[in-house]
Amino acid sequence: IYIANELKEGTERPSVIILTGDMGVGKTTFMKTFTKDPRLTSSTYNLVNEAGPFLCADFYRVEKEEDLLALELGLYAENKDTVFVEWGARYQRYLFRELGDRFKYYELVIEANASKEGVPSRNYNLFS
């Protein structure tokens with residue numbers, strides 16, 4: 001929870017935050033903690049989910065950039081403060097072309113540490 005609150009205070013708006021990490025590492029949990037909006041969930045099956053000033057796109061099932069062209073992410077992102085993109089690292093050029101320089105771009109890499117005594121921990125690395 002601490003890292004989500006710190007990142008919320010330390011990033012410029014509007015922003016695109018690309019969430020990178022293995023399956024199950026906590027990308028969606030991080031996003032939910034950041035937004036504090038229970039309506040916003042991972043959008044694995046419908047690519048885009050929005051709630052208030054937040055937008056989440058999940059590119060896990062996207063095979064190539066051409067698959068994103070009909071999505072018109074720029075229209076969804078209008079009037080949004082924060083756009084989260086899970087599994088979006090491969091598509092950074094697309095994101096910039098579609099969303100433009102109005103947004104500040106970040107990539108948050110989340111890595112799980114070996115669990116000691118059954119207590120999971122994570123490393124968070126933010127790149128801008």
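The values are calculated or read from the model by the stated rules, or taken from the named source; none is laboratory data. Note that the coordinates shown come from a computational prediction; the quantities given were computed from them, not determined experimentally. Heads up, the Cβs are rebuilt from the backbone with ideal geometry, glycines too, and the neighbour counts pull from every protein chain shown. Only protein heavy atoms, including side chains, enter the accessible area calculation; ligands, DNA and RNA are left aside. Shrake-Rupley method; radii C 1.70, N 1.55, O 1.52, S 1.80 Å.
GLY52 fulfils the conditions (1) without any contact (Cβ under 8 Å) to a residue 24 or more places away in the chain; (2) buried (at least 18 other Cβ atoms within 10 Å of the Cβ); (3) of a type outside the set (D, E, K, R) except for a single criterion, (2).
Within the stretch 21-31, which residues are under 9 Å from ILE110 (Cβ atoms) and under 8 Å from the mean Cα position of the chain (by Cα)? Even if it seems obvious, please write down each step before you answer.
First, pick out the residues of the stretch 21-31 that are under 9 Å from ILE110 (Cβ atoms): 21-22, 25-27, 30.
Result: LYS27, single match.
Out of the stretch 14-40, which residues are within 12 Å of VAL85 (Cα to Cα) and among the hydroxyl-bearing types (Ser, Thr, Tyr)? SER15, THR20, THR28 - these are the residues of the stretch 14-40 that are within 12 Å of VAL85 (Cα to Cα) and among the hydroxyl-bearing types (Ser, Thr, Tyr).
Right, LEU19: within 24 Å of ASN113 (Cβ to Cβ), open to solvent by less than 50 Å² (accessible area, probe 1.4 Å) and touching a Lys or Arg at 6+ places or on another chain (Cβ under 6 Å) or not? Spell out how you get there, then give the answer.
Details: within 24 Å of ASN113 (Cβ to Cβ): yes; open to solvent by less than 50 Å² (accessible area, probe 1.4 Å): yes; touching a Lys or Arg at 6+ places or on another chain (Cβ under 6 Å): yes.
When the stated conditions are applied, LEU19 passes them.
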